[in-house]
Every structure is written in C-alpha cells, then in structure tokens.
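Okay, so here's the structure we're looking at.
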Amino acid sequence: MINFKNVSKRFPDGHNVLDSIDLTIEAGEMVFITGHSGAGKSTLLRLIGAIERPTSGNISICGQNIAQLKPSALPLLRRKIGFIFQDHKLLFDRSAFDNVLLPLQISGFDHKLVAGRIRAALDKVGLLKKEKAFPITLSGGERQRLCIARAIVHRPTILIADEPTGNLDTAYAKDIMDMFNSFHQVGVTILIATHDASLLEKTKQRILQLNQGQLAA
Amino acid sequence: MISAWLAQHWHVFVFTLKRLVSTPLTSLLSIIVIGIAFSLPAGIYILIDNLQSISGQTVSSPQISLFLKLDANQNDIEQIRQRLEENPQIRQFQFISKNAALHQLQKNSGSVDITSGLTHNPLPDAFIIDTNNSAPETLGQLQATIEDWPEIEHIQYDATWAERLSAILRLGHRLVLMLSVLLSTAIIAVMFNTIRLQILTKREEIEVSKLIGATNSFIQRPFLYFGALQGLFGGITALCIIALAIHATNNELMELAQLYTLNLHIRHLSINDNLSLLLFATWLGWLGARISVANHLWKIESK
C-alpha cells in the first residue's frame with residue numbers, strides 16, 4: 001500500500017529531516033510512528049500524504065509513484081487519504097456539519113445527497129448533537145473528533161493521524177484510540193504518529209521508531 | 001454525472017450570491033464603480049448613434065441643385081436632361097421650370113404676394129439631382145463634371161456640412177474606443193484587487209481544501225463566479241445609469257433639436273447592444289478574477 005525506497009528529505013537550510021528511509025506498509029495495517037520531537041514523524045506523514053515531495057528516493061502509494069505523478073493527479077491521490085492534522089485545520093467560519101461536508105464537496109458530491117453520510121460520521125465520533133455548532137464553541141477533544149469525522153467521511157483507504165491524542169486527557173485519548181481500532185477492523189490502513197508512551201504500551205501493532213531521520217530497527 | 005456537475009456549479013453560484021449579499025456595502029460599491037465605468041463609453045456611444053441618425057435624416061443622400069442661366073432655352077434644357085440621364089452616378093433628378101418655381105414661390109408666400117411687383121420672372125430653370133453615392137469625393141467629382149457643361153449658372157450642394165459631421169462622428173467613435181479600452185483596463189484592475197483581498201481572507205479554506213484533495217478548478221470556481229457576477233451586476237447598473245441619463249436629458253435634447261428643426265427622438269441601446277454590454281461586463285469581471293487567481297492562488301501552498 002505504501003512503499004518507501006531510500007527516501008531522503010532535506011530542508012532548504014541543509015538539514016536532513018529524513019535520511020535513506022526504506023519502509024513498506026501493507027494494506028490494512030495499523031502502524032505507530034514514534035520518536036522525539038523533530039525526529040521527522042510529521043515529515044514522514046506529510047510525504048505519505050503527498051503534501052511534500054522527497055528530495056531523493058522513491059515513494060509509491062496505492063501503486064502510484066509520487067515523483068512521477070502529474071500535479072493534476074495529486075488531488076485524486078489525496079482523496080484516498082484521510083488526514084487528521086495536529087493543529088486540526090478546522091474552518092472556523094462554518095458549522096461542524098459544513099466542516100465535514102467539505103471533503104465530499106471537493107469530491108463532487110451533491111450536498112443534498114450526503115447529509116446522511118455526514119451525520120453518520122459525526123455520530124461515529126459522538127458529535128451528532130453538535131452538528132450546528134461552530135468549531136470555536138467546541139472543546140479541544142471535540143475539535144479533535146470533528147477533525148476525525150472530516151477525515152473519514154469520504155471513506156479513505158489510508159488514514160493518517162499526526163499526534164491525535166496530544167493535549168488530551170487519558171479518557172479522551174482512549175475514546176479516540178477505540179475509534180482508530182474500529183476503523184482498523186474494517187480494513188483501513190492507519191498510520192499514527194505519537195509520542196504518547198501509554199498508547200504504545202498497550203498496542204500489539206507495529207511500532208516504527210524514528211531517530212534523527214533514520215528508522216531504528 | 002452531468003447533473004452532479006451542474007448541481008456543483010449551481011451550488012457555487014448560490015454560494016457566491018450569498019457571499020455578495022453578506023458584504024452589501026463593499027459589493028455595492030464595486031458594482032457601482034463598474035457600472036459608472038461602463039456607462040461612460042456606452043453613453044457616448046448612444047450619443048454618437050443618435051447624431052448619426054440625425055445626419056442620416058439630413059444628408060444621407062445629399063441633393064445637388066443645378067441652376068441654369070436665365071437665357072437658357074428649351075434646347076439647352078433638353079441637352080442637360082439627356083446628359084443627366086446618361087450619367088451613372090445620378091440616381092434620379094427632377095426638373096423645375098422657372099414658371100413652376102415662381103408658382104411655388106407665390107403659393108408659399110401666402111397672402112402677401114411678393115411677386116406681384118415683378119415685371120418678369122427672375123427665377124432660373126433648375127434641376128434637383130439625387131446621387132447614388134453620398135461620399136464627398138463623388139459629389140466633388142460630379143460637380144466638376146457638371147461645371148463644364150454649357151448654360152450652367154450655379155451648382156449648390158451641402159457636402160461641407162456632411163464632411164464636418166462625419167469627421168466629428170469619426171472622432172467620437174475613436175473617443176468611445178479609447179474610453180472603452182481605458183475603463184475596461186480599470187475594471188480588470190478593480191476586480192484583480194477585489195479577488196486578491198478575497199483570496200487572502202479565504203487563505204485557510206484554500207489551504208485545507210488543497211490538503212484534502214481539491215483540484216485547482218474547484219478552488220478557483222467561487223472566485224471566478226464572484227468576478228463574473230460582479231461584472232454582470234456592474235453591467236446592469238450601467239444600463240440603469242444610461243436609462244436614467246436619457247430620461248433626465250430627453251426633454252432638453254428635444255428642445256435643442258427643435259431649435260435646429262430636427263426631428264429628434266433619442267434612441268436607446270438595442271437589445272443586441274444591451275446583451276453584448278452585459279456579456280462583455282461579465283467577461284471582464286471573470287477575466288480580472290482569472291488573472292488575480294492565477295497570480296495569487298499558487299502562492300498559497302499547503303503547509
């Protein structure tokens with residue numbers, strides 16, 4: 001599903017964020033990526049989401065080589081991915097419902113036909129009663145869950161979460177991990193970057209350790 | 001598939017209308033600016049169009065009056081008549097004998113018979129000629145030809161007036177063209193700036209949309225609709241301004257025209273002209289937005 005071959009990413013200042021990464025993630029896998037801050041977790045996720053391009057090496061996602069992808073094909077690839085951003089990136093000028101509507105609008109669905117799908121997504125993250133609320137009135141945990149609803153509403157094949165439980169208390173964090181487990185059970189490929197040790201202790205899934213831009217064994 | 005595409009466009013259209021209404025003062029101001037910018041050249045165009053219709057009334061086929069010498073006899077008249085018939089530049093002509101002219105004069109002068117004191121008829125025989133072509137050159141050429149004929153006293157035609165008027169009209173057309181180009185550029189600049197500000201305020205939405213797979217055309221669409229709609233409303237405003245201006249000046253223009261004994265009825269823009277103006281305004285708005293989007297959207301790269 002996701003394949004890295006000798007991938008490096010260098011920032012314009014010359015700093016090597018990722019250095020010769022080789023990595024394969026199979027369809028339906030759930031993988032944790034960990035490491036201290038600045039180890040390149042976010043950059044790795046952004047490369048998978050085709051938000052950034054590698055300085056060298058090959059990345060293929062769903063069988064498509066990112067480097068050879070035309071700019072016009074990039075949006076179509078991104079629609080296969082659900083991204084849960086560390087800073088949520090919710091739009092504050094519209095309701096929770098309309099925030100979740102956005103990916104469906106982008107994919108060209110008629111907004112009258114998808115109300116059911118949006119409510120199902122909101123229901124899954126426990127925000128059905130807040131569909132008319134604006135993000136500014138939501139708590140941190142609710143915003144995180146709204147971001148998840150937006151990432152899953154278009155049924156992506158890959159779900160990418162950058163520090164999904166950061167700044168949340170343990171009860172909220174457990175809720176959110178339960179959600180990811182349920183997505184995993186229906187076959188979604190999931191990548192979670194986290195430095196939350198309690199999450200890593202409990203899981204039986206694969207854990208990738210990033211250290212100064214390199215994968216530790 | 002097509003209905004989904006249409007539904008998407010309809011959605012953007014409604015969304016854009018809402019956006020226009022949500023900032024009424026800003027929208028209204030830029031619409032008025034566009035309206036004024038369009039009404040100037042369009043108004044002058046109407047003025048010229050009407051002037052042309054006046055000139056059409058008076059000099060569309062200028063008549064040449066040909067006065068014979070007083071001692072011209074029937075033989076001379078026949079000779080001239082024959083030459084006129086043979087000349088291909090002459091559409092038709094009418095002979096007015098000196099007796100007929102005197103009779104006409106007596107009739108026109110009414111109760112005061114100014115001819116009663118005359119001992120003989122002072123009027124010459126005359127031909128009134130309609131030409132095929134009203135171009136000043138043709139008329140000049142014809143005049144030169146006729147002057148060489150015997151027994152011609154005087155040739156009179158009003159080409160100078162026609163020449164002056166057509167020169168003024170040509171200048172006017174040039175002026176309309178220049179104004180249109182200048183003001184169109186101004187409209188594009190206004191739209192460019194309006195859309196630039198919008199893109200800046202929608203920065204977050206654009207960023208997020210790009211991140212979750214929006215194509216460029218999806219992101220551009222609302223801005224292009226916005227430009228086109230503002231252009232369209234600006235065009236409608238221009239039509240209203242013109243209609244009001246005509247209404248406000250109609251009476252004064254009529255009076256002025258009557259002083260020149262012209263039958264003036266101000267003509268409004270035709271339906272075709274109206275439609276082209278609206279289409280052009282819409283296109284200009286779209287173009288300004290398109291240029292702005294091309295310049296500013298690529299700068300917003302996802303972070």
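Within the group B:Ser39, B:Ser55, which residue is within 18 Å of the chain's Cα centre (by Cα) and modelled with pLDDT of 90 or more?
Matching residue, one of B:Ser39, B:Ser55: B:Ser39.
From the set of residues in the stretch A:166-217 that are in a strand (DSSP E or B) and touching an Asp or Glu at 6+ places or on another chain (Cβ under 8 Å), which is nearest to A:Ile148 (Cα to Cα)? Don't jump to the end; show me each part of the working.
The first filter runs over the stretch A:166-217 and keeps only residues in a strand (DSSP E or B), leaving A:189-193, A:206-211, A:214-216.
After this cut, where a residue has to be touching an Asp or Glu at 6+ places or on another chain (Cβ under 8 Å) as well, the list is A:189-190, A:193, A:206, A:214-215.
Details: A:Thr189: 15, A:Ile190: 12, A:Ala193: 14, A:Arg206: 22, A:Gln214: 29, A:Leu215: 27 Å.
For the stretch A:166-217, the residue satisfying everything is A:Ile190.
Please work out which residue is least open to solvent (accessible area, probe 1.4 Å), limiting yourself to the stretch A:74-107 and to residues that are among the small types (Gly, Ala, Ser) and at the interface with chain B (Cβ under 10 Å from one of its Cβ atoms). Quick ask: steps written out before the conclusion?
First pass over the stretch A:74-107, keeping only residues among the small types (Gly, Ala, Ser): A:82, A:95-96, A:107.
Going one step further and asking which of them are at the interface with chain B (Cβ under 10 Å from one of its Cβ atoms), we end up with A:82, A:107.
Working: A:Gly82: 0, A:Ser107: 42 Å².
Result: A:Gly82.
Restricting to the stretch B:155-171, and then to whatever is in a helix (DSSP H, G or I) and hydroxyl-bearing (Ser, Thr, Tyr), can you tell me which residue is least open to solvent (accessible area, probe 1.4 Å)? Don't jump to the end; show me each part of the working.
Taking the stretch B:155-171 as the starting set, the residues that turn out to be in a helix (DSSP H, G or I) are B:159-171.
If we keep only those that are hydroxyl-bearing (Ser, Thr, Tyr) as well, we get B:160, B:166.
Values: B:Thr160: 88, B:Ser166: 47 Å².
This residue is B:Ser166.
Please find, within the stretch A:69-105, the residue that is farthest from A:Arg155 (Cα to Cα) out of those that are assigned to a loop (DSSP other than H, G, I, E, B) and touching a residue at least 60 places away in the same chain (Cβ under 8 Å).
Applying the first criterion (assigned to a loop (DSSP other than H, G, I, E, B)) to the stretch A:69-105 yields A:69-70, A:79-80, A:85-95.
With the extra rule that they be touching a residue at least 60 places away in the same chain (Cβ under 8 Å), the set shrinks to A:79-80, A:85-86, A:90.
Working: A:Arg79: 9, A:Lys80: 8, A:Phe85: 17, A:Gln86: 20, A:Leu90: 19 Å.
Within the stretch A:69-105, the match that is farthest from A:Arg155 (Cα to Cα) is A:Gln86.
Out of everything in the stretch B:1-38 that is open to solvent by less than 70 Å² (accessible area, probe 1.4 Å) and within 12 Å of another protein chain (Cβ to nearest Cβ), what residue ends up being nearest to B:Ala186 (Cα to Cα)?
B:Arg19
What number of residues within the stretch A:139-163 satisfy the criterion of being open to solvent by less than 10 Å² (accessible area, probe 1.4 Å) and under 23 Å from A:Thr34 (Cβ atoms)? Give the steps one after another, and end with the answer.
Restricting attention to the stretch A:139-163, the residues satisfying the condition of being open to solvent by less than 10 Å² (accessible area, probe 1.4 Å) are A:141, A:144, A:146-151, A:153, A:158-161.
With the extra rule that they be under 23 Å from A:Thr34 (Cβ atoms), the set shrinks to A:141, A:144, A:147-148, A:151, A:158-161.
Summing the residues that are open to solvent by less than 10 Å² (accessible area, probe 1.4 Å) and under 23 Å from A:Thr34 (Cβ atoms) in the stretch A:139-163 gives 9.
Restricting attention to the stretch A:180-190, report how many residues are crowded, with 19+ Cβ neighbours inside 10 Å and in contact (Cβ under 8 Å) with a residue 40 or more places away in the chain. Spell out how you get there, then give the answer.
Just the residues of the stretch A:180-190 that are crowded, with 19+ Cβ neighbours inside 10 Å, to begin with: A:180, A:183, A:188-190.
So of that shortlist, the ones also in contact (Cβ under 8 Å) with a residue 40 or more places away in the chain come out as A:180, A:188-190.
Residues flagged as crowded, with 19+ Cβ neighbours inside 10 Å and in contact (Cβ under 8 Å) with a residue 40 or more places away in the chain within the stretch A:180-190 amount to 4.
Table: residues versus (1) within 14 Å of chain A (Cβ to nearest Cβ); (2) open to solvent by 50 Å² or more (accessible area, probe 1.4 Å); (3) more than 30 Å from B:Ala294 (Cβ to Cβ).
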residue	(1), (2), (3)
B:Leu139	no, no, yes
B:Pro150	no, yes, yes
B:His173	no, yes, yes
B:Ser184	no, no, no
B:Arg203	yes, yes, no
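Here's a check for you: in the stretch B:212-231, which residue that is of a type in the set (S, T, N, Q) and facing chain A (nearest Cβ under 9 Å) is surrounded by the fewest Cβ atoms within 10 Å (Cβ to Cβ)? Show your work before the answer.
Just the residues of the stretch B:212-231 that are of a type in the set (S, T, N, Q), to begin with: B:215-217, B:220, B:230.
Still in the list and also facing chain A (nearest Cβ under 9 Å): B:215-216.
Values: B:Thr215: 20, B:Asn216: 16.
Here the answer is B:Asn216.
The values are calculated or read from the model by the stated rules, or taken from the named source; none is laboratory data. It should be emphasised that the depicted structure is a prediction, and the values quoted were computed from it without experimental measurement. FYI the Cβ positions are ideal-geometry reconstructions off the backbone, even for glycines, and counts take in every protein chain you see. To get the accessible areas, we keep the full protein, side chains included, count just its heavy atoms, and leave off ligands, DNA and RNA. Shrake-Rupley method; radii C 1.70, N 1.55, O 1.52, S 1.80 Å.
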